[in-house]
2 protein chains.
Amino acid sequence: MITSYNSSLLDKAVAELSKLPGIGEKTALRLALYLLRKEPEMSEALGSSIIEMRRHIHYCPECHNISDEGTCSICSDRRRDRSTVCVVENVKDVITIEATREHHGLYHVLGGVISPLDGIAPSDIEIESLVERVGKGEIKEVILALSPTLEGDTTNFYIYRRLAEMPVEVTMLARGLSIGNELEYTDELTLGRSIMNRMPFKDTFHE
Amino acid sequence: MITSYNSSLLDKAVAELSKLPGIGEKTALRLALYLLRKEPEMSEALGSSIIEMRRHIHYCPECHNISDEGTCSICSDRRRDRSTVCVVENVKDVITIEATREHHGLYHVLGGVISPLDGIAPSDIEIESLVERVGKGEIKEVILALSPTLEGDTTNFYIYRRLAEMPVEVTMLARGLSIGNELEYTDELTLGRSIMNRMPFKDTFHE
(Lines give C-alpha, C1' and ligand atoms only; values in the text may rest on other atoms or scores of the structure.)
Protein backbone atom coordinates (compact mmCIF):
# COMPACT_ATOMS: atom_id res chain seq x y z
CA MET A 1 0.00 0.00 0.00
CA ILE A 2 1.18 3.47 -0.90
CA THR A 3 1.20 6.11 1.84
CA SER A 4 -0.60 9.39 1.14
CA TYR A 5 1.67 12.40 0.78
CA ASN A 6 -0.79 15.27 1.13
CA SER A 7 -1.07 15.70 -2.65
CA SER A 8 -2.84 13.34 -5.02
CA LEU A 9 -0.40 14.41 -7.78
CA LEU A 10 2.59 13.34 -5.70
CA ASP A 11 0.79 10.15 -4.61
CA LYS A 12 0.16 9.21 -8.24
CA ALA A 13 3.76 9.85 -9.34
CA VAL A 14 5.12 7.84 -6.39
CA ALA A 15 2.72 4.99 -7.14
CA GLU A 16 3.78 4.87 -10.80
CA LEU A 17 7.51 5.13 -10.03
CA SER A 18 7.25 2.27 -7.48
CA LYS A 19 6.00 -0.04 -10.22
CA LEU A 20 9.49 -0.02 -11.75
CA PRO A 21 11.69 -3.01 -10.88
CA GLY A 22 14.05 -2.37 -7.97
CA ILE A 23 12.32 0.88 -6.99
CA GLY A 24 10.46 0.72 -3.69
CA GLU A 25 8.15 3.34 -2.26
CA LYS A 26 10.90 5.19 -0.35
CA THR A 27 13.08 5.49 -3.46
CA ALA A 28 10.05 6.53 -5.53
CA LEU A 29 9.28 9.32 -3.05
CA ARG A 30 12.90 10.45 -3.10
CA LEU A 31 12.87 10.60 -6.92
CA ALA A 32 9.54 12.48 -7.01
CA LEU A 33 10.70 15.08 -4.46
CA TYR A 34 13.95 15.46 -6.40
CA LEU A 35 11.96 16.22 -9.57
CA LEU A 36 9.85 18.75 -7.63
CA ARG A 37 13.00 20.56 -6.48
CA LYS A 38 14.47 20.71 -10.00
CA GLU A 39 13.38 22.93 -12.88
CA PRO A 40 10.09 21.86 -14.59
CA GLU A 41 11.91 21.16 -17.90
CA MET A 42 13.59 18.13 -16.33
CA SER A 43 10.27 16.46 -15.49
CA GLU A 44 8.82 17.38 -18.90
CA ALA A 45 11.80 15.81 -20.69
CA LEU A 46 11.76 12.68 -18.55
CA GLY A 47 8.02 12.15 -18.81
CA SER A 48 7.78 12.76 -22.53
CA SER A 49 10.87 10.67 -23.38
CA ILE A 50 9.26 7.67 -21.66
CA ILE A 51 5.93 8.17 -23.43
CA GLU A 52 7.53 8.83 -26.84
CA MET A 53 9.83 5.82 -26.56
CA ARG A 54 6.99 3.44 -25.77
CA ARG A 55 4.68 4.92 -28.41
CA HIS A 56 7.04 5.07 -31.34
CA ILE A 57 9.68 2.39 -30.89
CA HIS A 58 9.87 -0.11 -33.74
CA TYR A 59 11.37 -3.54 -34.10
CA CYS A 60 13.53 -4.50 -37.07
CA PRO A 61 11.60 -6.87 -39.41
CA GLU A 62 14.88 -8.75 -40.11
CA CYS A 63 16.46 -9.35 -36.70
CA HIS A 64 13.72 -8.13 -34.29
CA ASN A 65 16.13 -5.77 -32.57
CA ILE A 66 14.75 -2.35 -31.54
CA SER A 67 14.96 0.31 -34.21
CA ASP A 68 13.63 3.82 -34.79
CA GLU A 69 11.90 2.77 -38.00
CA GLY A 70 12.13 -0.05 -40.55
CA THR A 71 15.29 -2.15 -40.79
CA CYS A 72 17.67 -1.55 -37.87
CA SER A 73 21.05 0.15 -38.19
CA ILE A 74 22.96 -3.13 -37.78
CA CYS A 75 21.01 -5.00 -40.48
CA SER A 76 21.33 -2.08 -42.89
CA ASP A 77 25.06 -1.62 -42.23
CA ARG A 78 26.69 -2.92 -45.47
CA ARG A 79 30.10 -3.30 -43.76
CA ARG A 80 28.82 -6.08 -41.51
CA ASP A 81 29.33 -9.75 -42.32
CA ARG A 82 25.93 -10.96 -43.55
CA SER A 83 26.93 -14.65 -43.44
CA THR A 84 27.18 -14.80 -39.63
CA VAL A 85 24.15 -14.36 -37.36
CA CYS A 86 24.37 -14.21 -33.60
CA VAL A 87 21.22 -15.47 -31.84
CA VAL A 88 20.45 -13.65 -28.57
CA GLU A 89 17.63 -13.67 -26.06
CA ASN A 90 16.83 -9.95 -25.98
CA VAL A 91 17.71 -6.40 -27.01
CA LYS A 92 20.00 -5.90 -24.01
CA ASP A 93 22.16 -8.83 -25.13
CA VAL A 94 22.74 -7.14 -28.52
CA ILE A 95 24.08 -4.11 -26.65
CA THR A 96 26.23 -6.32 -24.39
CA ILE A 97 27.77 -8.19 -27.36
CA GLU A 98 28.25 -5.04 -29.44
CA ALA A 99 30.28 -3.62 -26.53
CA THR A 100 32.83 -6.46 -26.91
CA ARG A 101 33.48 -5.47 -30.59
CA GLU A 102 34.17 -9.18 -31.33
CA HIS A 103 31.08 -9.89 -33.42
CA HIS A 104 31.00 -8.34 -36.89
CA GLY A 105 27.97 -10.14 -38.28
CA LEU A 106 24.23 -9.68 -37.80
CA TYR A 107 21.88 -10.59 -34.94
CA HIS A 108 18.66 -12.46 -34.39
CA VAL A 109 16.75 -11.44 -31.27
CA LEU A 110 14.53 -14.28 -30.04
CA GLY A 111 12.58 -12.15 -27.57
CA GLY A 112 12.88 -14.84 -24.88
CA VAL A 113 13.99 -18.42 -24.34
CA ILE A 114 12.01 -21.66 -24.28
CA SER A 115 10.75 -22.13 -20.73
CA PRO A 116 7.96 -24.67 -20.12
CA LEU A 117 7.68 -23.49 -16.49
CA ASP A 118 6.89 -19.94 -17.64
CA GLY A 119 4.68 -21.22 -20.44
CA ILE A 120 7.06 -20.05 -23.20
CA ALA A 121 6.98 -22.48 -26.11
CA PRO A 122 9.22 -22.41 -29.23
CA SER A 123 6.35 -20.79 -31.16
CA ASP A 124 6.24 -17.88 -28.69
CA ILE A 125 9.72 -16.67 -29.63
CA GLU A 126 11.34 -15.79 -32.97
CA ILE A 127 12.65 -19.25 -33.89
CA GLU A 128 10.51 -19.78 -37.00
CA SER A 129 11.74 -16.50 -38.49
CA LEU A 130 15.34 -17.59 -37.80
CA VAL A 131 14.78 -20.84 -39.70
CA GLU A 132 13.31 -18.80 -42.57
CA ARG A 133 16.31 -16.44 -42.59
CA VAL A 134 18.72 -19.38 -42.70
CA GLY A 135 16.58 -20.98 -45.43
CA LYS A 136 17.41 -18.09 -47.75
CA GLY A 137 20.93 -19.52 -48.03
CA GLU A 138 23.01 -16.41 -47.35
CA ILE A 139 23.84 -17.35 -43.73
CA LYS A 140 26.84 -19.67 -43.27
CA GLU A 141 27.12 -19.64 -39.48
CA VAL A 142 24.64 -19.27 -36.64
CA ILE A 143 26.25 -18.37 -33.29
CA LEU A 144 24.09 -19.36 -30.33
CA ALA A 145 24.68 -16.70 -27.67
CA LEU A 146 22.04 -17.46 -25.06
CA SER A 147 22.64 -17.37 -21.30
CA PRO A 148 24.19 -20.63 -20.02
CA THR A 149 21.09 -21.56 -18.03
CA LEU A 150 18.75 -24.53 -18.30
CA GLU A 151 16.36 -22.52 -20.49
CA GLY A 152 19.19 -21.18 -22.64
CA ASP A 153 20.59 -24.67 -23.18
CA THR A 154 17.15 -26.04 -24.02
CA THR A 155 16.65 -23.28 -26.58
CA ASN A 156 20.17 -23.83 -28.01
CA PHE A 157 19.42 -27.50 -28.50
CA TYR A 158 16.01 -26.86 -30.03
CA ILE A 159 17.47 -24.42 -32.56
CA TYR A 160 20.35 -26.80 -33.34
CA ARG A 161 17.83 -29.53 -34.12
CA ARG A 162 15.72 -27.21 -36.30
CA LEU A 163 18.81 -26.24 -38.33
CA ALA A 164 20.38 -29.73 -38.43
CA GLU A 165 19.39 -30.48 -42.06
CA MET A 166 20.40 -27.07 -43.38
CA PRO A 167 23.81 -26.19 -44.86
CA VAL A 168 24.77 -23.92 -41.97
CA GLU A 169 27.33 -24.26 -39.20
CA VAL A 170 25.85 -23.89 -35.72
CA THR A 171 28.33 -22.68 -33.11
CA MET A 172 27.90 -21.53 -29.54
CA LEU A 173 29.76 -19.23 -27.16
CA ALA A 174 32.73 -20.91 -25.48
CA ARG A 175 31.85 -22.07 -22.02
CA GLY A 176 34.16 -19.67 -20.36
CA LEU A 177 30.93 -18.24 -19.00
CA SER A 178 30.10 -19.36 -15.48
CA ILE A 179 27.14 -21.73 -15.63
CA GLY A 180 23.95 -20.35 -14.08
CA ASN A 181 24.81 -16.67 -14.53
CA GLU A 182 22.89 -14.24 -16.71
CA LEU A 183 24.65 -13.08 -19.88
CA GLU A 184 24.24 -9.37 -19.20
CA TYR A 185 26.30 -9.51 -15.98
CA THR A 186 29.32 -11.16 -17.61
CA ASP A 187 32.36 -8.87 -17.94
CA GLU A 188 33.24 -7.74 -21.46
CA LEU A 189 36.65 -9.46 -21.56
CA THR A 190 35.27 -12.90 -20.71
CA LEU A 191 32.35 -12.43 -23.07
CA GLY A 192 34.59 -11.20 -25.91
CA ARG A 193 36.91 -14.17 -25.46
CA SER A 194 34.00 -16.58 -25.50
CA ILE A 195 32.88 -15.13 -28.83
CA MET A 196 36.38 -15.70 -30.25
CA ASN A 197 36.55 -19.26 -28.84
CA ARG A 198 33.10 -20.30 -29.96
CA MET A 199 32.84 -24.02 -30.67
CA PRO A 200 30.70 -26.40 -32.79
CA PHE A 201 27.47 -27.04 -30.92
CA LYS A 202 27.59 -30.80 -31.61
CA ASP A 203 30.87 -31.10 -29.65
CA THR A 204 29.09 -30.15 -26.44
CA PHE A 205 26.90 -33.20 -26.00
CA HIS A 206 27.12 -36.97 -26.54
CA GLU A 207 24.53 -38.48 -28.80
CA MET B 1 28.79 9.70 -21.92
CA ILE B 2 25.69 7.72 -22.79
CA THR B 3 26.13 4.71 -25.08
CA SER B 4 23.97 4.52 -28.19
CA TYR B 5 21.37 1.76 -28.17
CA ASN B 6 20.38 1.58 -31.82
CA SER B 7 17.32 3.77 -31.29
CA SER B 8 17.33 7.49 -30.60
CA LEU B 9 14.06 7.08 -28.69
CA LEU B 10 15.65 4.57 -26.32
CA ASP B 11 18.84 6.67 -26.07
CA LYS B 12 16.81 9.70 -25.03
CA ALA B 13 14.78 7.82 -22.39
CA VAL B 14 17.97 6.26 -20.95
CA ALA B 15 19.68 9.67 -20.86
CA GLU B 16 16.74 11.26 -19.02
CA LEU B 17 16.36 8.37 -16.56
CA SER B 18 20.09 8.49 -15.72
CA LYS B 19 19.72 12.11 -14.57
CA LEU B 20 17.79 10.85 -11.53
CA PRO B 21 19.81 10.53 -8.31
CA GLY B 22 21.12 7.02 -7.67
CA ILE B 23 20.23 5.82 -11.17
CA GLY B 24 23.23 5.06 -13.35
CA GLU B 25 23.20 4.29 -17.06
CA LYS B 26 22.92 0.50 -16.59
CA THR B 27 19.92 0.86 -14.28
CA ALA B 28 18.35 3.41 -16.64
CA LEU B 29 18.68 0.96 -19.54
CA ARG B 30 17.17 -1.83 -17.45
CA LEU B 31 14.20 0.39 -16.55
CA ALA B 32 13.68 1.51 -20.17
CA LEU B 33 13.76 -2.06 -21.53
CA TYR B 34 11.37 -3.11 -18.76
CA LEU B 35 8.93 -0.39 -19.88
CA LEU B 36 9.28 -1.57 -23.51
CA ARG B 37 8.36 -5.12 -22.49
CA LYS B 38 5.30 -3.99 -20.54
CA GLU B 39 1.99 -2.75 -21.93
CA PRO B 40 2.05 0.83 -23.35
CA GLU B 41 -0.42 2.05 -20.67
CA MET B 42 2.28 1.64 -18.01
CA SER B 43 4.65 4.06 -19.76
CA GLU B 44 1.83 6.50 -20.50
CA ALA B 45 0.77 6.53 -16.83
CA LEU B 46 4.33 6.90 -15.57
CA GLY B 47 5.29 9.64 -18.02
CA SER B 48 2.14 11.69 -17.56
CA SER B 49 2.11 11.35 -13.75
CA ILE B 50 5.61 12.87 -13.65
CA ILE B 51 4.68 15.72 -16.00
CA GLU B 52 1.34 16.42 -14.27
CA MET B 53 2.90 16.39 -10.82
CA ARG B 54 5.59 18.90 -11.75
CA ARG B 55 3.18 21.15 -13.69
CA HIS B 56 0.34 21.34 -11.21
CA ILE B 57 1.74 20.85 -7.73
CA HIS B 58 1.09 23.72 -5.34
CA TYR B 59 2.59 24.78 -2.07
CA CYS B 60 0.45 25.74 0.92
CA PRO B 61 0.56 29.54 1.45
CA GLU B 62 0.46 28.97 5.24
CA CYS B 63 3.06 26.26 5.94
CA HIS B 64 4.76 25.87 2.51
CA ASN B 65 4.08 22.13 2.48
CA ILE B 66 3.06 20.59 -0.87
CA SER B 67 -0.64 20.67 -1.60
CA ASP B 68 -2.95 20.02 -4.56
CA GLU B 69 -4.34 23.54 -4.42
CA GLY B 70 -4.61 26.39 -1.89
CA THR B 71 -4.19 25.68 1.82
CA CYS B 72 -2.88 22.15 2.52
CA SER B 73 -4.91 19.39 4.16
CA ILE B 74 -3.01 19.70 7.45
CA CYS B 75 -3.48 23.49 7.77
CA SER B 76 -7.17 23.21 6.90
CA ASP B 77 -7.79 20.32 9.33
CA ARG B 78 -9.77 21.97 12.16
CA ARG B 79 -9.02 19.07 14.55
CA ARG B 80 -5.31 19.92 14.65
CA ASP B 81 -3.80 22.02 17.43
CA ARG B 82 -3.24 25.46 15.86
CA SER B 83 -1.15 26.70 18.79
CA THR B 84 1.78 24.35 18.09
CA VAL B 85 3.91 24.61 14.95
CA CYS B 86 6.62 22.14 14.04
CA VAL B 87 9.43 23.67 11.95
CA VAL B 88 10.97 21.23 9.45
CA GLU B 89 13.50 21.46 6.64
CA ASN B 90 11.46 19.95 3.80
CA VAL B 91 8.33 18.17 2.63
CA LYS B 92 9.79 14.73 3.30
CA ASP B 93 10.26 15.62 6.98
CA VAL B 94 6.52 16.41 7.28
CA ILE B 95 5.78 12.90 6.01
CA THR B 96 8.36 11.39 8.39
CA ILE B 97 6.93 13.20 11.42
CA GLU B 98 3.31 12.50 10.47
CA ALA B 99 4.19 8.79 10.41
CA THR B 100 5.08 8.94 14.14
CA ARG B 101 1.55 10.25 14.99
CA GLU B 102 3.09 12.18 17.92
CA HIS B 103 2.64 15.70 16.53
CA HIS B 104 -0.92 17.02 16.46
CA GLY B 105 -0.20 20.63 15.58
CA LEU B 106 0.69 22.37 12.33
CA TYR B 107 3.95 22.57 10.35
CA HIS B 108 6.22 25.18 8.87
CA VAL B 109 8.38 23.94 5.99
CA LEU B 110 11.55 26.04 5.68
CA GLY B 111 12.56 24.64 2.30
CA GLY B 112 16.18 24.26 3.43
CA VAL B 113 18.53 25.12 6.27
CA ILE B 114 21.01 27.96 6.67
CA SER B 115 24.27 26.87 5.07
CA PRO B 116 26.90 29.52 4.31
CA LEU B 117 29.00 26.90 2.47
CA ASP B 118 26.15 26.22 0.05
CA GLY B 119 25.28 29.92 -0.15
CA ILE B 120 21.95 29.50 1.67
CA ALA B 121 21.24 32.55 3.81
CA PRO B 122 18.33 33.02 6.27
CA SER B 123 16.52 35.07 3.62
CA ASP B 124 16.63 32.14 1.16
CA ILE B 125 14.39 29.96 3.33
CA GLU B 126 10.95 30.51 4.90
CA ILE B 127 12.10 32.07 8.20
CA GLU B 128 10.54 35.50 7.69
CA SER B 129 7.13 33.93 7.04
CA LEU B 130 7.51 31.89 10.26
CA VAL B 131 8.20 35.07 12.26
CA GLU B 132 5.10 36.61 10.67
CA ARG B 133 2.96 33.57 11.54
CA VAL B 134 4.14 33.71 15.15
CA GLY B 135 3.53 37.47 15.18
CA LYS B 136 -0.20 36.88 14.70
CA GLY B 137 -0.31 35.64 18.30
CA GLU B 138 -2.16 32.33 17.87
CA ILE B 139 0.98 30.18 18.13
CA LYS B 140 2.07 29.27 21.68
CA GLU B 141 4.87 26.82 20.87
CA VAL B 142 7.35 26.43 18.04
CA ILE B 143 8.98 22.99 17.88
CA LEU B 144 12.31 23.04 16.05
CA ALA B 145 12.57 19.69 14.25
CA LEU B 146 15.61 20.13 12.02
CA SER B 147 18.28 17.48 11.46
CA PRO B 148 20.90 17.47 14.24
CA THR B 149 23.68 18.66 11.92
CA LEU B 150 25.80 21.81 11.97
CA GLU B 151 23.44 23.51 9.51
CA GLY B 152 20.35 22.35 11.42
CA ASP B 153 21.77 23.65 14.71
CA THR B 154 22.74 26.98 13.11
CA THR B 155 19.21 27.36 11.76
CA ASN B 156 17.67 26.36 15.12
CA PHE B 157 19.74 29.01 16.85
CA TYR B 158 18.93 31.68 14.27
CA ILE B 159 15.18 31.02 14.59
CA TYR B 160 15.43 30.98 18.39
CA ARG B 161 17.08 34.41 18.31
CA ARG B 162 14.48 35.79 15.90
CA LEU B 163 11.64 34.61 18.18
CA ALA B 164 13.37 35.53 21.49
CA GLU B 165 11.31 38.68 22.12
CA MET B 166 7.99 37.11 21.20
CA PRO B 167 5.53 35.47 23.65
CA VAL B 168 6.12 31.96 22.27
CA GLU B 169 7.84 28.94 23.72
CA VAL B 170 10.60 27.56 21.47
CA THR B 171 11.29 23.85 21.97
CA MET B 172 13.39 21.38 20.04
CA LEU B 173 13.37 17.63 19.50
CA ALA B 174 15.00 15.69 22.34
CA ARG B 175 18.55 14.75 21.49
CA GLY B 176 17.85 11.06 21.39
CA LEU B 177 18.72 11.52 17.73
CA SER B 178 22.25 10.48 16.87
CA ILE B 179 24.30 13.57 16.09
CA GLY B 180 25.33 13.86 12.44
CA ASN B 181 22.51 11.74 11.01
CA GLU B 182 19.79 13.00 8.67
CA LEU B 183 16.29 13.22 10.12
CA GLU B 184 14.63 11.14 7.42
CA TYR B 185 16.70 8.04 8.26
CA THR B 186 15.79 8.01 11.95
CA ASP B 187 13.47 5.17 12.96
CA GLU B 188 9.91 6.12 13.86
CA LEU B 189 10.12 5.02 17.50
CA THR B 190 13.19 7.15 18.28
CA LEU B 191 11.75 10.07 16.37
CA GLY B 192 8.34 9.75 18.05
CA ARG B 193 9.97 9.64 21.50
CA SER B 194 12.08 12.68 20.72
CA ILE B 195 8.92 14.61 19.84
CA MET B 196 7.41 13.62 23.22
CA ASN B 197 10.62 14.52 25.11
CA ARG B 198 11.18 17.85 23.40
CA MET B 199 12.95 20.36 25.65
CA PRO B 200 13.29 24.17 25.95
CA PHE B 201 15.82 25.33 23.38
CA LYS B 202 17.57 27.65 25.89
CA ASP B 203 18.50 24.64 28.10
CA THR B 204 20.74 23.24 25.37
CA PHE B 205 23.49 25.89 25.42
CA HIS B 206 25.32 28.04 27.97
CA GLU B 207 25.05 31.80 27.50
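The values are calculated or read from the model by the stated rules, or taken from the named source; none is laboratory data. Everything numeric in this text was worked out from a predicted model, so none of it was measured. Every residue, glycine among them, receives a Cβ derived from its backbone with ideal geometry; neighbour counts consider all protein chains shown. The protein model used for the area step is the full one, side chains on, heavy atoms only, and it has no ligands, DNA or RNA in it. Shrake-Rupley method; radii C 1.70, N 1.55, O 1.52, S 1.80 Å.
Tabulated results
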read-out	value
Probe 1.4 Å, protein heavy atoms only - accessible area per residue of the protein assembly as shown in square angstrom	50 Å²
Net charge of neighbours whose Cβ lies under 9 Å from the Cβ of B:V168, counting Lys and Arg as +1 and Asp and Glu as -1	-1
Inter-copy separations for A:G180, label at 7 Å along Cα-Cβ, nm, ascending	4.0
Carbon + sulfur, % of accessible area of the stretch B:1-61 - ligands and nucleic acids excluded, 1.4 Å	56 percent
Overall dimensions of the protein assembly as shown as given by Cα atoms, namely Rg and Dmax in Å	29.1, 95
Two-decimal ratio, the stretch B:1-81, of alpha-carbon radius of gyration to 2.2 N^0.38 Å	1.56
Shortest-first nm distances, B:E25 label point to equivalent points in other copies (7 Å, Cα→Cβ)	3.5
Lys, Arg +1 and Asp, Glu -1 on Cβ, resulting dipole of the stretch A:23-124 about Cα centre, debye, nearest 20	240 debye
Shortest-first nm distances, B:R161 label point to equivalent points in other copies (7 Å, Cα→Cβ)	8.2
Quotient of C-alpha Rg and 2.2 N^0.38 Å, computed over the stretch A:87-190	1.03
Dipole magnitude (debye, nearest 20) for the protein assembly as shown, charges at Cβ of Lys, Arg, Asp, Glu	100 debye
Shielding by other protein chains, A:54-65, mean Cβ within 10 Å	3
Over chain A: helical MRE at 222 nm, DSSP H runs n ≥ 4 each giving -39500 (n - 2.57), nearest 500	-12000 deg cm²/dmol
Summed buried accessible area for B+A [probe radius 1.4 Å, Å², rounded to 100]	5000 Å²
Scattering profile of the stretch B:47-109 at q = 0.21, 0.25 Å⁻¹ [log10 I(q)/I(0), Debye over alpha-carbon scatterers]	-0.84, -1.08
Charge sum, other residues only, whose C-beta stays under 13 Å from B:H58's C-beta, Lys/Arg counted +1 and Asp/Glu -1	-2
Signed unit charges on C-beta, dipole axis of chain A, positive-most listed residue A:I95, A:V170, A:I143	A:I95
Gaussian network model of chain B, springs between alpha carbon atoms under 10 Å - residue of B:I97, B:I120, B:I51 with greatest fluctuation	B:I51
Computed magnitude of the charge dipole of chain A (debye, nearest 20; Cβ of K, R +1, Cβ of D, E -1)	280 debye
Distance between the stretch A:88-120 and the stretch B:49-72 - C-alpha centres, whole angstrom	45 Å
Protein-only accessible surface order, largest first, of B:T190, B:T96 at 1.4 Å	B:T190, B:T96
Folded to 0 to 90 degrees: helix B:8-17 orientation relative to chain B principal axis, Cα	20 degrees
By accessible area with a 1.4 Å probe, ligands and nucleic acids excluded, highest first: order of A:L9, B:L20	A:L9, B:L20
Relative contact order, percent, chain A [alpha-carbon distance under 8 Å, six or more residues apart]	14 percent
